[in-house]
Amino acid sequence: MANSEHFRYMEASKGSRPSRDLTFKFYTDGKLEIIDNDTGNMMNPRELSGGSYDFYVRQRLALIKRDLQSKIAKYA
């Protein structure tokens with residue numbers, strides 16, 4: 001399996017939305033796993049909202065940027 005980066009995100013509850021404790025696993029081959037640590041269930045990025053969605057987008061962009069920089073360095 002490809003290398004991966006693991007991140008844990010803990011979001012406080014806001015209004016009617018309960019708190020979330022999520023683990024994000026970003027794999028170098030593009031695969032993504034989001035695990036709800038409270039239930040152990042896998043999630044889809046479409047199920048994210050608020051801070052957890054913002055966290056996902058920022059980490060995904062950072063991973064893409066690092067990948068592009070490493071490819072530029074390798075093939076430059």
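The values are calculated or read from the model by the stated rules, or taken from the named source; none is laboratory data. Model, not experiment: these values are computed from the prediction. We place every Cβ from the backbone using ideal geometry, glycine too, and count neighbours over all the protein chains shown. When the accessible area is computed, the model is the full protein with side chains, heavy atoms only, and any ligands, DNA or RNA have been set aside. Shrake-Rupley method; radii C 1.70, N 1.55, O 1.52, S 1.80 Å.
Could you please find all residues in segment 38-53 being open to solvent by 60 Å² or more (accessible area, probe 1.4 Å) and either in contact with an Asp or Glu (Cβ under 6 Å, 6 or more places away or on another chain) or of a type outside the set (A, V, I, L, M) (or both)?
Within segment 38-53, 38, 39, 41, 44, 46, 47, 53 meet the criteria.
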Inter-residue pairs, beta-carbon under 9 Å, first among the aromatic types (Phe, Trp, Tyr) and in segment 33-55, second open to solvent by less than 80 Å² (accessible area, probe 1.4 Å), 6+ apart: 53/45; 55/7; 55/9; 55/11; 55/22; 55/24; 55/48
Of all residues in segment 1-27, count the ones that are under 17 Å from residue 42 (Cβ atoms) and either at pLDDT below 90 or open to solvent by less than 70 Å² (accessible area, probe 1.4 Å) (or both). 12
Can you say whether residue 72 is modelled with pLDDT of 90 or more and either open to solvent by less than 40 Å² (accessible area, probe 1.4 Å) or in contact with a helix residue (DSSP H, G or I) (Cβ under 9 Å, 6 or more places away or on another chain) (or both), as far as the supplied structure shows? no
Is it the case that some residue within segment 2-11 is out of contact with any strand residue (DSSP E or B) (no Cβ under 7 Å at 6 or more places or on another chain) and basic (Lys, Arg)? no
